Amino acid sequence: MASPDFWENQERAQATVGELKALRAVVEPLTETLRSAEDLETMLEMAEEAEEDEEFAQEVVSEIGRLEKRIDELALKALLDGPHDGAGAIVTINARDGGTDANDWAEMLLRMYLQWAQQNGFNAALLDRSDNEEAGINSATIAIRGPMAYGYLKGEAGMHRLVRISPFNAEGKRQTSFAAVDVSPDVSDDIVIEIDDKDVREDTFRASGAGGQHVNKTSSAIRLTHAPTGIVVQCQNERSQHKNRAAAWQMLRARMARREEEKREAEQAARYQNKARVGFGSQIRNYFLHPDQRVKDSRTGHSMGSFHDVMNGNIQGFLDSYLRWRVAQEN
């Protein structure tokens, strides 16, 4: 990074900076913890000499608690050992059953992941968004970039179920809505993903917008269809067709990388004689606003009593519990 020509290739430079951040995210906390452990030994020796100093003894207890928490965090990061766990994540959200409520629910999930990204220092970029005419979204795709983003978020893939009194129902009836989340690794160009151009059909179309001056009058949106697998991706967020095409290809490479990882996971699960990991299209979490407010993961059993805290991006407990659950399934 210190070389004079480092920033001449912006994409490669950004990739290197991202790699450095990923390394620092592990090395710096580990170094600080080792240093604090040495300091703790000195504190314990001093505590023995000052047996009657209750205030100092409390400091020692507090420091031990802080170190135990830090070690637990490092142990969780050690579980992020998949081939793409250190990469960024491409998250796609689709409204499913539930009518307008499902569209609204999909947008609520989109906001939840954006809030989580912001709170944890990740960069988030909107790649594609299709708004519903009445409320919410039909679908949206975002890229969340930063150290271990994919490792943390890949367990979010699946069906998310919401139960609430519908704001779109004049009779105030309870409504169950579903939204599907898919998560793929944001793989760098250095990673070889074999895709034959002949297998990919490209379609152009006009990007949808809110109307008025925002309507795209040219066919700048891009849709790619990979014939052998049936994978379809699209990008319409940029006004430039070239930028949309580049983003769509990045999304396709991410989906293909995720497909290969799912194959490896299924093979590993078979070796342990366990069921494969809960994947796309399976109900993984229930969110309740009626009759009580709570959120519970159907795989890990982890729950939170505040629906609104979860919607504001406080989902780290679910992400951490999934990592522990996944390891338990393999052992």
Would a scan of the range 316-331 turn up a residue that is of a type outside the set (F, W, Y), under 23 Å from A125 (Cβ atoms) and modelled with pLDDT of 80 or more?
yes
D203 passes all but one of (1) touching a strand residue (DSSP E or B) at 6+ places or on another chain (Cβ under 9 Å); (2) more than 25 Å from R239 (Cα to Cα); which number fails?
(2)
Inside the range 76-100, can you point out the residues that are surrounded by fewer than 23 Cβ atoms within 10 Å (Cβ to Cβ) and either in a helix (DSSP H, G or I) or of a type in the set (A, V, I, L, M) (or both)?
L76, K77, A78, L79, L80, T100
So, restricting to strands (runs of 3 or more DSSP E) that lie completely within the range 124-200, which ones have at least 1 residues that are of a type in the set (D, E, K, R) and surrounded by 21 or more Cβ atoms within 10 Å (Cβ to Cβ)?
174-186
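The values are calculated or read from the model by the stated rules, or taken from the named source; none is laboratory data. Just so it is clear, the model here is predicted, and its values are computed rather than measured. As a convention, Cβ positions derive from the backbone with ideal geometry for all residues, glycine included, and neighbour counts pool all protein chains shown.
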